[in-house]
Amino acid sequence: MADPLLPGPLWLAGCGNMAGAMLARWIEQGVDPSHVSVIRPSGRPAGEGVRVTTDYPEDEVPAIVLLGMKPYQLDEVAPLLAPILDEETILVSILAGVELASLRARFARPRTIIRAMPNLPVRVGKGVVCLTSDSEDLAAKALLTGLMATLGHAEWFEEELGFQLAGHLTGAGPAFLFRFIDALAAAAERLGLPFDQAQRLALCMVEGSAALAAASDDDPERLARRVASPGGTTEAGLKILDADRALFALVERTLAASRTRGLEMAAEARSKRD
Ligand SMILES: NC(=O)c1ccc[n+]([C@@H]2O[C@H](COP(=O)([O-])OP(=O)(O)OC[C@H]3O[C@@H](n4cnc5c(N)ncnc54)[C@H](OP(=O)(O)O)[C@@H]3O)[C@@H](O)[C@H]2O)c1
């Protein structure tokens, strides 16, 4: 097979919100769907030309397997999948909270196991994919970097701890930002604007502001000051957000709650293995 992004067959164990978004983007970016197999209990289609099965195929050994089901489903999947893989298979897990050691304990054969934490904007090629691995196989890691870079920004972490923290910021972050957009729209509605219009405007505003911040040499704190004239309307609003650093404290508690849950999930995956 000659696929510029894949060295051989790609299998996806589970293809819901996240793995489905990754697959749709990969296909748009030139992955040949006939090189992809999705294994999912429902057998639901996963895109034109993609093979979907409910059992693990027996006619090939995958070059790359992406674990895309929920973390608690690991012990349903691993006993069926592990015996099929060989040393060359690159195992990629997007399971939140499941550590490399917990994966290694269940998948002995693959030389390279990689944890990836993508986020939903991968669907439009604007995602962030955090990556970490204890593998020394530079070629396998370069291959994965190429594949993940088609989804947006791919960044490697030497340490799993840093990977996990970054994963809470970027993996869960879109939900936090969507909530903020919702809060802006709801507030504008309460003050008199129709909700649909407020939501549309809030979305356009966030898109433009993010693009400006990404293109600018100024950091967000400085950009905020550039919007706020002394004594003006923006400054009046910022005074509310900044009072007692209320927003910063709320966001810190939010990320800390994600981290705590991640640690609990890691402990669950560890204890089941032992
Ligand atoms: N959603 C996000 O933004 C996000 C971000 C970063 C990481 N993640 C990670 O991505 C993973 C999936 O999350 P999601 O939001 O995409 O969940 P989801 O939409 O519920 O998808 C779960 C998928 O797992 C499949 N599945 C269930 N049991 C299975 C089994 N025994 N073998 C193989 N596949 C099985 C389901 O199959 P059917 O479709 O046939 O029911 C479904 O396709 C999680 O581990 C999560 O930590 C998600």
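The values are calculated or read from the model by the stated rules, or taken from the named source; none is laboratory data. Predicted model only: the values in this text are computed from it and were never measured. With ideal geometry, Cβ positions are generated from the backbone for all residues, glycine too; neighbour counts draw on all protein chains shown. Ligands, DNA and RNA are excluded from the accessible area calculation, which covers all protein heavy atoms including side chains. Shrake-Rupley method; radii C 1.70, N 1.55, O 1.52, S 1.80 Å.
Side notes on the structure shown:
- Against the conditions (1) of a type in the set (G, A, S); (2) more than 26 Å from G8 (Cβ to Cβ); (3) open to solvent by 30 Å² or more (accessible area, probe 1.4 Å), A142 satisfies every one except (2).
- Residue match in the range 171-189 (condition: aliphatic (A, V, I, L, M) and within 30 Å of D75 (Cβ to Cβ)): yes
- Residue in the range 81-91 that is open to solvent by less than 30 Å² (accessible area, probe 1.4 Å), assigned to a strand (DSSP E or B), among the aliphatic types (A, V, I, L, M) and more than 16 Å from the ligand (Cβ to nearest atom) present: yes
- Complete set of residues in the range 52-79 that are among the acidic types (D, E) and more than 20 Å from I94 (Cα to Cα): D55, E58, D59, E60
- Residue list for the range 1-39, restricted to those being touching a Pro at 6+ places or on another chain (Cβ under 8 Å) and surrounded by fewer than 15 Cβ atoms within 10 Å (Cβ to Cβ): M1, G30
- Candidate set: the range 262-274, residues that are open to solvent by 80 Å² or more (accessible area, probe 1.4 Å) and in contact with a helix residue (DSSP H, G or I) (Cβ under 9 Å, 6 or more places away or on another chain); chosen: the one farthest from A166 (Cα to Cα): D274
- Checked against (1) under 24 Å from K272 (Cβ atoms); (2) more than 16 Å from the ligand (Cβ to nearest atom), A78 passes all but condition (2).
- Per-region count, the range 245-260, residues farther than 14 Å from F180 by Cα and either over 21 Å from the mean Cα position of the chain (by Cα) or without any contact (Cβ under 8 Å) to a residue 60 or more places away in the chain (or both): 8
- In the range 92-131, the residues that are assigned to a helix (DSSP H, G or I) and either surrounded by fewer than 22 Cβ atoms within 10 Å (Cβ to Cβ) or touching a helix residue (DSSP H, G or I) at 6+ places or on another chain (Cβ under 6 Å) (or both): L100, A101, S102, R104, A105, R106, L120, P121, V122, R123, V124
- Residue within the range 66-75 that is open to solvent by less than 10 Å² (accessible area, probe 1.4 Å) and over 17 Å from A149 (Cβ atoms) present: yes
- Any hit, the range 159-177, residues being more than 11 Å from the chain's Cα centre (by Cα) and hydroxyl-bearing (S, T, Y): no
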